[in-house]
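First comes the structure, then the notes that go with it.
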Amino acid sequence: MAPLIYLDTHVAAWLFSDRVDLLPAGVRIRLEESDLLISPAVKLELQYLYEIRRITSSGEHVVNTLEKEVALKICDLPFLKVVDVALAASWTRDPFDRLIASQATLRGATLLTKDRDLLTHCEWAEWPG
């Protein structure tokens, strides 16, 4: 069985937009070797980005496309457990980051992200070069 890896929102958006040029070689290798997961918060954040016109496709469309193209799955950990872990993430006011980091933490799985706050404060976050 391949290792599980969570994708931060920007990684999912870049994959959808075919912007793999923004991903370092180490990240691309991890993506190819792993089963890919997102937090449901990623889908919600993608929708938020769509509504404020930062991306051009809805969260639903992005996720549905990635489910087909890269076998992306949405994490199904119990929401209350995720929130309980997120309550301790006082290092950020960003609810999306709290939930995304908490899901990776609960599962003990890598979170691929370029976000400096997540890399600093989430022990499971990494951005291999």
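Scanning the stretch 13-67 for residues that are farther than 26 Å from Leu80 by Cα, of a type in the set (Asp, Glu) and part of a helix (DSSP H, G or I) gives Asp21, Glu32, Glu33, Glu51. Taking the conditions (1) touching a residue at least 12 places away in the same chain (Cβ under 8 Å); (2) under 19 Å from Trp127 (Cα atoms); (3) in contact with a Leu (Cβ under 7 Å, 6 or more places away or on another chain) in turn, Val82 satisfies each one other than (2). Filtering the stretch 101-123 to residues that are part of a loop (DSSP other than H, G, I, E, B), in contact (Cβ under 8 Å) with a residue 60 or more places away in the chain and of a type outside the set (A, V, I, L, M) leaves Thr113, Lys114, Asp115. When Lys81, Lys43, Lys73, Lys68 are screened for being buried (at least 17 other Cβ atoms within 10 Å of the Cβ) and of a type in the set (D, E, K, R), only Lys43 passes. Checking the structure you have, find out if any residue of the stretch 91-99 is at pLDDT 95 or above and closer than 20 Å to Leu15 by Cα. Yes, that holds for at least one residue.
This table checks each residue for (1) in contact (Cβ under 8 Å) with a residue 60 or more places away in the chain; (2) touching a Leu at 6+ places or on another chain (Cβ under 7 Å).
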{"position": "Tyr6", "(1), (2)": "yes, yes"}
{"position": "Tyr50", "(1), (2)": "no, no"}
{"position": "Arg54", "(1), (2)": "no, no"}
{"position": "Ser57", "(1), (2)": "no, no"}
{"position": "Glu60", "(1), (2)": "no, no"}
{"position": "Glu67", "(1), (2)": "no, no"}
{"position": "Leu99", "(1), (2)": "yes, no"}
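The values are calculated or read from the model by the stated rules, or taken from the named source; none is laboratory data. Being a predicted model, the structure only gives us computed values, none of them experimental. Note that we place each Cβ from the backbone using ideal geometry, even for glycine, and neighbour counts take in every protein chain shown.
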